[in-house]
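These notes are about the structure you will find just below.
Any read-out appearing in this document is the output of simple, stated calculations on the displayed coordinates, not a laboratory observation. Because the structure is predicted, anything quoted here is derived from the model rather than measured. No Cβ is skipped: glycine too gets one built from the backbone with ideal geometry, and neighbour counts run over all protein chains shown.
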Amino acid sequence: MKCVNHEAVIDSIMEQYEKACMDMSVVYGPYSVGKTYIAKELQNRLTSNHVVYLLGRLANESVHIRSIERGLDMPSGSFRTLEEALRRVFQMSVDKHMMFIIDDYPALVDTAPQVPILLRELMETYRDYGKMFVLLMGTHVDELKGRILGESSLIAPYIHSHFKVEPFTLDDVRALGWNYTDEDLAKLYHVTGGMPGNLVYIDPTASVDDNIVRLFFRPEGALYMEPQRLLMRYIRNAGAANAILYALAQLDKPFYTELCHASELKSGTFATRMADLLDMAIIGRLQGGSRGPLRYSDYHFVNTMFQFWFEYVFPYMEDIHCGDGQHVYDTMVKPVFAKNLSLVY
């Protein structure tokens, strides 16, 4: 699922890679924004023996070692440690130009905290005669602080480029060529947040209403629990985040204190979870908003999929779990969703 922004990022990365020197760059953006698509397209542009792809995940080191062995087309057990495996990848860059893609780098560091030290050592060891381009991928900026970005990062001095991947715009969705009206495309854009990883679940041969019901209003729907899954992965207290987002869905651009009161959370918990949600670009704020002096801010949803979910799915989860999602959509959602959406788009 291509868009102009994604292709521009790929072209820029290839331009950096073609300099054929030791280099390190970062690709970041929200979950499901298309970072893995970019990694796949980069692999397609390079021959298999010039690129190694490693997906970081919350698993033991042996899983990552085996992934590198497969990426190098080597038998299982070729390496005893992750350090040996990484060193072999870098050693290959002495004889040929290589790209090493580490997708979800923060998850890899959670599993193997020594990875930043190893990467720093390897970048330093091979800097004069290696031709390795390392591409690190992660989600929201807060997750990258200390691991990739900032003064506390061990590898920050070796990073020369940062590429931010943005969600699709409404025009990008229109450019997909689906046979829907502008109003229907606006609905699809809103409920998916413009995220390519969510848009891939759309069946363009079905109606927009059928797509929304299938994805959000059935217990087995691909996106039915997606917001909860993301919150539980990235936020320590997902229940508090739910309280804030549900309150925000009921209010019209509230101030900080208004939102805190509506969420019924203690101020310390509220402040911490608000910082998480801002870092994840789920919510945003407008300083000096529409009401009051400059010290106030209006808070709003940035990720429209979360907005849709907390407005129309979260309140009716009991009914959806019991198989009444179609009825919920037809009677409680559809009549107001289109009307509210017309005020936005």
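Quick notes on this one:
- Order of 322, 260 - criterion: other Cβ atoms within 10 Å of each residue's Cβ, fewest first: 322, 260
- Overall, the anisotropy analysis places region 4-164 in the rounded class: the square-rooted eigenvalues a ≥ b ≥ c of its C-alpha gyration tensor yield a/c less than 1.5.
- Extending 7 Å from the Cα toward the beta-carbon at both residue 128 and residue 269 defines two label points whose distance is 5.8 nm.
- Residues 216, 163 in ascending order of nearby Cβ atoms (within 10 Å, fewest first): 163, 216.
- Distance between the pseudo-spin-label points of residue 121 and residue 84 (7 Å out from Cα toward the beta carbon): 1.5 nm.
- Note on residue 179 and residue 49: their simple-model spin labels are 4.7 nm apart, each label 7 Å out from Cα toward Cβ.
- Partners of residue 334 within straight-line reach, counting lysines whose Cα lies under 22 Å from its Cα and excluding those fewer than 8 residues away in the same chain: 187.
- Among (i) 53, 27, 16; (ii) 35, 20, 19; (iii) 40, 24, 19, the entry derived from the coordinates for semi-axes √(5λ) of the Cα gyration tensor in Å: (iii)
- Partners for residue 339 among aspartates and glutamates (Cα-Cα distance below 15 Å; same-chain residues under 8 apart left out): 182, 183, 184, 209, 311, 330
- Ascending count of other beta-carbon atoms within 10 Å, so fewest first, for 286, 108, 259, 118: 286, 118, 259, 108
- Distance from the Cα centroid of region 1-70 to that of region 162-176 is 19 Å (rounded to whole angstrom).
- Debye, to nearest 20: dipole size of the chain, +1 on Lys, Arg Cβ, -1 on Asp, Glu Cβ: 620
- Rounded if a/c under 1.5, otherwise prolate or oblate - region 152-247, Cα gyration tensor axes: oblate
- Note on region 4-164: Lys pairs 8 or more places apart or on different chains, Cα atoms under 20 Å apart, count 7.
- Potential lengthening between residue 169 and residue 57 on full extension [0.36 nm per residue; Cα-Cα distance subtracted]: 37.4 nm
- Net lengthening on full extension, residue 7/residue 332 (0.36 nm per residue, minus Cα-Cα): 113.0 nm
- Computed extension length for residue 220-residue 206: 3.3 nm, one decimal, from 0.36 nm per residue of separation with the Cα-Cα distance subtracted.
- Using just its DSSP H runs of length 4 or more, each adding -39500 (n - 2.57), the chain gives a mean residue ellipticity at 222 nm of -13000 deg cm²/dmol after division by all residues.
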